[in-house]
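Step one of this worksheet: look at the structure below.
The values are calculated or read from the model by the stated rules, or taken from the named source; none is laboratory data. Fair warning: this is a prediction, and the values are worked out from it, not measured in the lab. With ideal geometry, Cβ positions are generated from the backbone for all residues, glycine too; neighbour counts draw on all protein chains shown.
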Amino acid sequence: MTSLRTWTVVALVVFSALFWAAGSRASVAVDGTRYHYLDDDQMISMRYARNLAEGRGLVWNEHGERVEGYTNLGWMLVMAVVHAAGASDATAALWVRTIAWLLGCGVLLLTARLLIRLGVEQGPPAIAALLALALSFDLLFWSINGFETTLLTALFLVALIHALGDADRGTLTGRTCLLAGLLPIVRADALDLTVAVVCTAVALGARRRLEWIALAALPFALHLGFRVAYYGDWLPNTYYLKVSGRPGLALKGVGHTKAFVLTYGLATALSGVAFWKTRRPAVRVVSVLVGLGALRLLLVGPDMFEGFRFLAPYVPVVLVSAAAGATWLMSRWRPVGLAAAVALLLTTTWSAGVSGKQAFDGLVSTNGLPRTNTVTGVLINKYTGQDTRMVVVAAGCVSYFGRRESLDMLGKTDRHVAHVPAVDDGATGHNRFDVDWTLKDRPDLVVTLTAGHVVVDAEAIMRATGMTPARDNGAALLLNPIFVAEYSRTPVPLDFLLKKNAIFVHQRSPESPRRALWREPVVAEP
């Protein structure tokens, strides 16, 4: 026990050092004020959270249709509490990141507790599992960048530990079922985790009680009722955007599962040893739970991000069951088991963890150019009128820091765009667009993800690269007749924007003559 406690502290120190060394770079100073940011998609949730905290409701824009542009209600409510507590736009992301760090530490502590529950509380296998988790991309990345994944993982481990306790007592309890039922509140499609918790308790002998199993379904049912009443949809808008109508989801899910197995190769193999060889029923049940996550991928397909966001909550469980497998090997052939434990740490860190400068640099998300778009949003808030309406390609940071009515060209917060046919070979979440629809009311600004010179030479560049308006959202915008005729010749004349993500103003907008008032920002990196 002392050994496990000591190595848990070591794991916490390693995780915290990497977390804050990387997380401290997710900020930028603009004109003397430092602004902290999360991944661009998470800044979408931050905007919803701030609107809720400021009394506007769970909406993207204060006026207009209500669209559920998030899939993480529970985590978004945590963000709303941060805003309600008085966090400023500049610091709110830092406070959310701090909560994510505490949750990441909680995941390590809960993993240590799960090791004890499964009888793997001492020796090199337990140490290897804890250190491999502390160095894991699938713990660090999602935590540093403010994803709901860390809260989901922590809650899953709490519920799973309670399920194991229920099995020991022989009765499924309401507390366990309620914890399991809250998992889809944290992430809307996490029903596989709910099933994993309840099935663990029942499979290990906890007496089934239908009223408690119904309790596990109650939060999901209440959330569904709220969604239909408030948004008028049965599913989140992002389901229609990212999942509905996409062919080959099951095959892509199989491919993503294969990638997970290869990335966590030795951990998966040792989990197999635990399943086939150990005599502890709890170890055998826990070792196969990740299969439920694989089934989920058959329905929704993989995520667009590097790593394994949808399977990340199972990573601690896989590592714990791998430690159980290595412990069994040590009980039979100690040198082999010891070698397996060392190899578990080294191979998992090499393939799925922070194993060098490149891996460390990749811990801060660049999805949607959050640093650049944070500066852009600050400039929009500073130099435009309150009634300004803007089109955005990367919706999160620009819209959060810009504080203006925002039209999402890629449809995360636009019901119409989310339902247009998807481009088959486009990236998930970036492959539905209708530029004519987005520009139909001639919004004041178009915030691109493109340098100004690309817009000037758009047609030639598109021909050279083979990009076409029918298949690429960037080409669709830059070659759109409305954009070309009414926006392309009136950019905001700042070098920072023209070199990174040019802003174009509608030629008849009141904002057009105000372009001369914009001033070059003083930008300082962390």
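Go through the residues of the range 96-107 one by one and say whether even a single one is polar (S, T, N, Q) and not in a helix (DSSP H, G or I). Looking through the range 96-107, none of the residues is polar (S, T, N, Q) and not in a helix (DSSP H, G or I). Selection within the range 427-457: residues that are acidic (Asp, Glu) and in contact (Cβ under 8 Å) with a residue 24 or more places away in the chain. The member of this set that is surrounded by the most Cβ atoms within 10 Å (Cβ to Cβ) is 444. Taking residue 85, is it under 23 Å from residue 54 (Cα atoms) and either at pLDDT below 95 or in the same structural domain as residue 46 (by TED's automatic domain parsing) (or both)? Spelling it out, residue 85 is indeed under 23 Å from residue 54 (Cα atoms) and either at pLDDT below 95 or in the same structural domain as residue 46 (by TED's automatic domain parsing) (or both). State all residues of the range 31-85 that are of a type in the set (Asp, Glu) and in a loop (DSSP other than H, G, I, E, B); if no residue qualifies, say none. 31, 39, 54, 62, 65, 68, listed by residue number. Do you know which of the residues in the range 7-54 that are within 23 Å of residue 72 (Cβ to Cβ), free of Cβ contacts under 8 Å to residues at least 40 places away in the same chain and not small (Gly, Ala, Ser) is surrounded by the fewest Cβ atoms within 10 Å (Cβ to Cβ)? Here the answer is 54. Condition first: assigned by TED's automatic domain parsing to the domain that holds residue 115, touching a residue at least 24 places away in the same chain (Cβ under 8 Å), hydrophobic (A, V, I, L, M, F, W, C) and part of a loop (DSSP other than H, G, I, E, B). Can you find one or more residues in the range 245-253 that meet it? Among the residues of the range 245-253, not one is assigned by TED's automatic domain parsing to the domain that holds residue 115, touching a residue at least 24 places away in the same chain (Cβ under 8 Å), hydrophobic (A, V, I, L, M, F, W, C) and part of a loop (DSSP other than H, G, I, E, B), which makes the answer no. Can you find a residue that is hydrophobic (A, V, I, L, M, F, W, C) and without any contact (Cβ under 8 Å) to a residue 12 or more places away in the chain anywhere in the range 200-212? Checked the range 200-212: at least one residue is hydrophobic (A, V, I, L, M, F, W, C) and without any contact (Cβ under 8 Å) to a residue 12 or more places away in the chain. Condition first: under 30 Å from residue 443 (Cβ atoms), touching a strand residue (DSSP E or B) at 6+ places or on another chain (Cβ under 9 Å), in a loop (DSSP other than H, G, I, E, B) and not assigned by TED's automatic domain parsing to the domain that holds residue 277. Can you find one or more residues in the range 360-383 that meet it? Scanning the range 360-383, I find no residue that is under 30 Å from residue 443 (Cβ atoms), touching a strand residue (DSSP E or B) at 6+ places or on another chain (Cβ under 9 Å), in a loop (DSSP other than H, G, I, E, B) and not assigned by TED's automatic domain parsing to the domain that holds residue 277, so the answer is no. If you filter the range 225-247 down to residues that are touching an Asp or Glu at 6+ places or on another chain (Cβ under 9 Å) and exposed (fewer than 15 other Cβ atoms within 10 Å of the Cβ), you find that the one that is nearest to residue 72 (Cα to Cα) is 230.
Being over 24 Å from the mean Cα position of the chain (by Cα) and not in a helix (DSSP H, G or I) is the filter; apply it to the range 184-224 and report the residue that is surrounded by the fewest Cβ atoms within 10 Å (Cβ to Cβ). Only one residue fits best here, namely 208. The residue list 74, 57, 69 contains one member that is without any contact (Cβ under 8 Å) to a residue 60 or more places away in the chain and in the same structural domain as residue 242 (by TED's automatic domain parsing), which is 57. Among residues of the range 354-383 being crowded, with 18+ Cβ neighbours inside 10 Å and among the β-branched types (Val, Ile, Thr), the one that is farthest from residue 397 (Cα to Cα) is 354. Kindly evaluate residue 120 against the criterion of being closer than 30 Å to residue 381 by Cα and in contact (Cβ under 8 Å) with a residue 40 or more places away in the chain. When the stated conditions are applied, residue 120 does not pass them.
Yes or no, residue by residue, for (1) in contact with a helix residue (DSSP H, G or I) (Cβ under 9 Å, 6 or more places away or on another chain); (2) assigned by TED's automatic domain parsing to the domain that holds residue 123; (3) within 30 Å of residue 24 (Cβ to Cβ):
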| position | (1), (2), (3) |
| --- | --- |
| 278 | yes, yes, no |
| 294 | yes, yes, no |
| 305 | yes, yes, yes |
| 308 | yes, yes, yes |
| 334 | no, yes, no |
| 337 | yes, yes, no |
| 352 | yes, yes, yes |
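Scanning the range 441-455 for residues that are at pLDDT 95 or above and either part of a helix (DSSP H, G or I) or among the basic types (Lys, Arg) (or both) returns a single hit, 442.
Evaluation of residue 417 against the conditions (1) more than 24 Å from residue 36 (Cα to Cα); (2) within 21 Å of the chain's Cα centre (by Cα); (3) among the hydrophobic types (A, V, I, L, M, F, W, C) shows that the sole unmet condition is (2). Residue 411 meets all of the listed conditions (1) surrounded by fewer than 24 Cβ atoms within 10 Å (Cβ to Cβ); (2) within 22 Å of the chain's Cα centre (by Cα); (3) in a loop (DSSP other than H, G, I, E, B) but one, namely (1).
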